[in-house]
Amino acid sequence: MAGLSFDLIALQLFAGLALGAIYVLFAIGLSLIFGMLTVVNFAHGAFYMVGAYVGLYLISLGGNFWLCLVAVPLLIGLFGMAVERVLIRPLYGRGIDYPLLLTFGLSYVMVECVRIAFGKTGYPFDTPEVLQGAVNIGVGYFPLYRLFVIGATAAVLLALWLFLEKTSFGLIIRAGARDPQIVRVLGVDVSRVWLIVFGIGTAIAGFAGLLAAPLQGVIPEMGGTILAEAFVVTVVGGMGSIGGAVLAGLLVGVVVSMTSLFAPEMAKVSIFALMAIVLIVRPQGFFGRAGLLS
Amino acid sequence: MSEATESIRQSPGAAAGWYEFATKHRAGIAALAILIFPLVMPFTALAVNILIYGLYALGFNLVFGYLGLLSFGHAALLGTGAYLCGIAIVHFAWPWYAAIAAGVFGGLLIALLIGVIAIRTRGIYFAMVTMALSQCVYYLFYQAVDWTGGENGLRGINIRTIDLFGLQIDFLEPIVRYYVIAAFVIAAFFVMSRILASPFGAVIEAVRENEMRARASGYDVILTRLLTFVLSGGFCGLAGALQALHLSIVPIEILHYETSGLVVMIALLGGMGTFFGPMIGAAVFLVLENLVSVWTVHWQLIVGAIFIACVLFFPAGIWGTLIARGRR
């Protein structure tokens, strides 16, 4: 332990926040969709993966990374809306298990389609030139791209918060989450709200996939691993709570990052240990509504 | 999710004679079907796979169909059974029957560990928590390279002959292998039939149908859930042990969450909450996979699409639909 200085730990903490930022983006989409539609989107990982591949494809066509940051969420969001309209909508009112199973089957189809289009092996994803290198953040040099990931996540969160709190459509969404029936009685087309919310959730998943791509490369299976870990985030944070997803996502990122510093072989398992502890102490998660559980 | 479920206590209609008969003698019918099964299959290895996955789905269905909890972590139960059976043979040179017992014990134990944490949650939470915990089991076995072979899988589970009351049986002969495994699967079917017909089986279904009322009637709902989950672990552990003996290796993929998803697909395809559904689902699924994979390497695309179609248009599954017809 002699080599562990304060600076190293502080740097690792920042690395954990960057990792956590990806978890946050992934989990808020999951949580938003669940909170509104009571659909656990098992295809969320597939949307994330497709986001990375669409980015890869756009760049191979000559597009740049900044264009992708706008185009990828748009395209994945539209794709998500199509999925909601055609596949998920017929299942409303038939319990929560059916949409879950359907999206699970959908993830198989999406992963296999990507394998057909791009092959089974992964691709590296170049970090955009301006974001290469490292900057001094006071405790040492930190990769610029990771700082960018933290910043981009903060921007998305801010935009989402402004949209939900300050626009009339956001008001309808929040009301629809509380009581869809009353909102329907007031003359709002709830199914349109759900369509848009699913689109926003999947758009953020695609955005997260694109952000993660330069950090870890792009493979068809990349969505599966993060899905299981994001479930931990949503369970720890409280299902359907966006604030919980943010807090738990950062916490999970930091926990993974810290254990990989002190006990690398336990890094993956630490996430699940964290979940077990939280579940035993507080079964509904940090900000979860108890009614969902008991 | 109860529309497809089989209820023995329902008064049958006029045309339901065969259904009543099938319910009464379900273990016997399953045994007979399993005995003649390899004669109609193109090759025995496929038949053995169907038996093993059918048993896995039978165990899963106890939790999914009868208890009404959707578990996405059953790969951990199957995989732990397989690994413990394999480790008993490779590292401790246990005889084959003791290794199978080790596999069943592994399934029971891991189900208890996962169950204690997960069982208080319900619905989607249960699905997510079981999936996450089973990922944890995946990493643990993946890390323990000395015991499990890590990424390469556990190799060298070679059983050439098995000693049965002084009789040396050639386990490498496919048809012999089939019937040895079939004996265990038939026994499991019999045990399952007894569990479901017992008062405890009635409590399981009561908890699914109306938890509040079950609790008011004085049953311990949490304990019932936990016990059912642990029992399910025993069946899945046995399936894992048989899989290890059959394949001679335990690949790490057995613990992958796709193995958990696979059993959900199989149960849904056959008909959840029905006695024969899991086995029929396994047969249809594996035969389908076999046919499609000859034709294209992208069989998962077809399988996923069929699964989506099942959820949308055919939620009662094959056997569940037949039962619904038979009852009318």
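Here are a few things to note about the model shown:
- Taking the 1.4 Å solvent-accessible surface of the protein assembly as shown as the whole, the part contributed by carbon and sulfur is 67%.
- Chain B: most fluctuating residue of B:M41, B:M272, B:M131 per GNM, C-alpha cutoff 10 Å: B:M41
- Candidates B:L288, B:L227, B:L51: whichever shows maximal mean-square fluctuation once chain B is modelled as a Gaussian network with Cα springs under 10 Å: B:L288
- The distance separating the Cα centre of the range A:1-59 from that of the range A:210-231 comes to 8 Å.
- Spin-label model distance (nm) - B:I175 vs B:L223, 7 Å beyond Cα toward Cβ: 5.0 nm
- Taken as Cα centroids, the range B:72-124 and the range A:64-130 sit 34 Å apart, rounded to the nearest whole angstrom.
- Kyte-Doolittle at least -0.5, axis length at least 18 Å by Cα - qualifying DSSP helices, chain B: B:26-40, B:44-61, B:74-90, B:96-118, B:123-143, B:174-197, B:221-247, B:257-270, B:277-295, B:299-313
- Chain A: relative contact order as a whole-number percent, Cα under 8 Å and 6+ apart: 37 percent
- log10 of Debye I(q)/I(0), alpha-carbon scatterers only, for the range A:1-138 at 0.10, 0.19, 0.21 Å⁻¹: -0.48, -1.19, -1.33
- Accessible area expressed per residue, the range A:134-229, with surrounding protein chains retained (probe 1.4 Å, Å²): 45 Å²
- B:T296, B:T274, ranked by accessible area, largest first (probe 1.4 Å): B:T296, B:T274
- For chain B: accessible area per residue (Å², 1.4 Å): 40 Å²
- Sorting B:H74, B:H246 by solvent-accessible area of protein heavy atoms yields B:H246, B:H74, largest first, with a 1.4 Å probe.
- Computed over the protein assembly as shown, the convex hull of the alpha-carbon atoms projects to a mean area of 30.7 nm².
- Interface size A-B, as summed buried accessible area [1.4 Å probe, Å², nearest 100]: 4100 Å²
- Heavy-atom accessible area, 1.4 Å probe, ligands and nucleic acids excluded: residues of the range A:234-269 down by at least 20 Å² from chain alone: A:V235, A:M239, A:E265, A:K268, A:V269
- Within a Gaussian network of chain A (alpha carbon springs, distance under 10 Å), most fluctuating of A:N41, A:N64, A:N136: A:N136
- Every Cα-Cα pair of the range B:277-328 was included, and the share exceeding 12 Å stands at 68 percent.
- Helical segments meeting 27 Å axial Cα length and Kyte-Doolittle 0.0 threshold in chain A (DSSP H): A:6-37, A:97-118, A:144-166, A:190-216, A:242-262
- Electrostatic dipole magnitude of the protein assembly as shown [Cβ: Lys, Arg +1; Asp, Glu -1; Cα centre; debye, to 20]: 1440 debye
- List of the range B:272-321 residues, accessible area with partners at least 50 Å² below that of the chain alone (1.4 Å probe): B:H298, B:Q300, B:L301, B:I308, B:V311, B:L312
- Two-decimal log10 I(q)/I(0) for the range A:9-83, as the Debye equation yields it once each C-alpha is a single scatterer, q = 0.11, 0.15, 0.17, 0.22 Å⁻¹: -0.37, -0.64, -0.78, -1.04
The values are calculated or read from the model by the stated rules, or taken from the named source; none is laboratory data. In this text, all values refer to a predicted model and were calculated from it rather than measured experimentally. Because the Cβ atoms are built from the backbone with ideal geometry, glycine has one as well, and the counts that use them run over all protein chains shown. Heavy atoms of the whole protein, side chains included, go into the accessibility calculation; ligands, DNA and RNA do not. Shrake-Rupley method; radii C 1.70, N 1.55, O 1.52, S 1.80 Å.
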